[in-house]
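The values are calculated or read from the model by the stated rules, or taken from the named source; none is laboratory data. Predicted, not measured: the structure shown is a model, and the values here were computed from it. Here Cβ is always computed from backbone atoms with ideal geometry, including for glycine, and neighbour counts include all displayed protein chains.
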Amino acid sequence: MASPQFFTPPIVTPSKSKKRFTLVQANKALALVSRIVADIVNTHRDATALQGRLETLKSSKEQNKTEKELEVKLDRLQTLVDELGEVGCELKDYQTGLVDFVGRHQGRDVYLCWKLGEAKIGYWHEIQTGFAGRKPVSELQEAE
């Protein structure tokens, strides 16, 4: 089993983008998105700690209590991920708060890439390349 710091909640359904954003629209959404993502990162951290604790407990009473706490955290995590999905962006990483917004570059869909702690969206990447293929938004050509 993966170590607890890499725990990905198995019952939490990832958010899927439902909307296409311009860079301006995505940056305006960050006020709300950053609050939701901060809650996701914190709740995920708590769930990960509970999962790690659960693996070390010997007493069934302690296990039951911890399992219930974990279930509450996972329910909260799912609610937060659903909220993020309603905004229209996609959560890519529970630990770092990496989020992608679908945008446009030269007539095709791309991801506008943002991470918790960043003041605004500074990068974009092709759908297939992921985070490693990030390019500065100064190269983004949104016009069709």
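Return the total of residues in the range 52-62 being part of a helix (DSSP H, G or I) and exposed (fewer than 15 other Cβ atoms within 10 Å of the Cβ).
So the first thing to find is which residues in the range 52-62 are part of a helix (DSSP H, G or I), and the list is 52-54, 60-62.
With exposed (fewer than 15 other Cβ atoms within 10 Å of the Cβ) added as a condition, the list becomes 52, 60-62.
Looking only at that region, the number is 4.
Restricting attention to the range 13-44, the residues that are buried (at least 16 other Cβ atoms within 10 Å of the Cβ) and at pLDDT 95 or above total 15.
Scanning the range 81-119 for residues that are closer than 14 Å to Asn27 by Cβ, within 16 Å of the chain's Cα centre (by Cα) and in a loop (DSSP other than H, G, I, E, B) yields a total of 3. Would you confirm, using the coordinates I've provided, whether Gly117 is under 24 Å from Ile40 (Cβ atoms) and not aliphatic (A, V, I, L, M)? Judged against the criteria, Gly117 is a match. In the range 99-112, the residue that is surrounded by the fewest Cβ atoms within 10 Å (Cβ to Cβ) out of those that are in contact with an Asp or Glu (Cβ under 6 Å, 6 or more places away or on another chain) and not β-branched (Val, Ile, Thr) is Gly107. Cβ separations smaller than 8 Å between residues 6+ apart or across chains give the following pairs from the range 35-48 residues that are under 15 Å from Gly117 (Cβ atoms) to residues that are of a type in the set (Ser, Thr, Tyr) and surrounded by fewer than 20 Cβ atoms within 10 Å (Cβ to Cβ): Val41/Thr96.
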